[in-house]
Amino acid sequence: MNTNDNNKATHDEDNIVADCLFCKVIRNETPSTKIYEDDETLAFLNIFPHTRGHMLIIPKNHHENIYDLPVETWCRMNITAQKIAIAIKNALSADGINVIMNNERTAQQVIFHAHLHIIPRYNDFTEEKYEYTENEMADVAKEIQEVV
């Protein structure tokens, strides 16, 4: 991991996996709707959301899951998660928020790059999956970005 002038840990270009979908998001090789980014984490809208505003938070360095995630990176992810959860609650009037991390295939991890799900919950929403209408994802992104 590299450090900047303030001795703060930063993204390490050598710790990226070529065929990892989330590493491709970090490198801007695959489209994503990014909401927030700092030196160590990236938050973006999930393209297969459970609810409106469902986001993912990833470390910029590749780590497969919680087992190989450095504690400092885990802490940064949670700082970002709190910031994003508050922004989602305020921007989208969520009635609650789930913060979830799936680790390993048995726990339903699908992308093997550590990530947190930030899932807003609404009292009147009962579906298991959500589908954005045309242009809605961009509108949701703008609403959240305005309060992050």
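Worth a mention:
- Filter pass, GLN82 being modelled with pLDDT of 95 or more and over 23 Å from ILE16 (Cα atoms): yes
- Residue match in the range 108-119 (condition: of a type in the set (Val, Ile, Thr), closer than 20 Å to LYS24 by Cβ and more than 13 Å from the chain's Cα centre (by Cα)): yes
- Number of the exception - LYS83 against (1) within 14 Å of ILE57 (Cα to Cα); (2) among the charged types (D, E, K, R); (3) surrounded by fewer than 15 Cβ atoms within 10 Å (Cβ to Cβ): (3)
- So ILE97, is it surrounded by 17 or more Cβ atoms within 10 Å (Cβ to Cβ), modelled with pLDDT of 95 or more, in contact with a Pro (Cβ under 9 Å, 6 or more places away or on another chain) and closer than 27 Å to ARG27 by Cβ: no
The values are calculated or read from the model by the stated rules, or taken from the named source; none is laboratory data. Since the model is a prediction, treat every value here as computed from it, not as a measurement. Please note: Cβ atoms are built from the backbone with ideal geometry, for glycine as well, and neighbour counts cover all protein chains shown.
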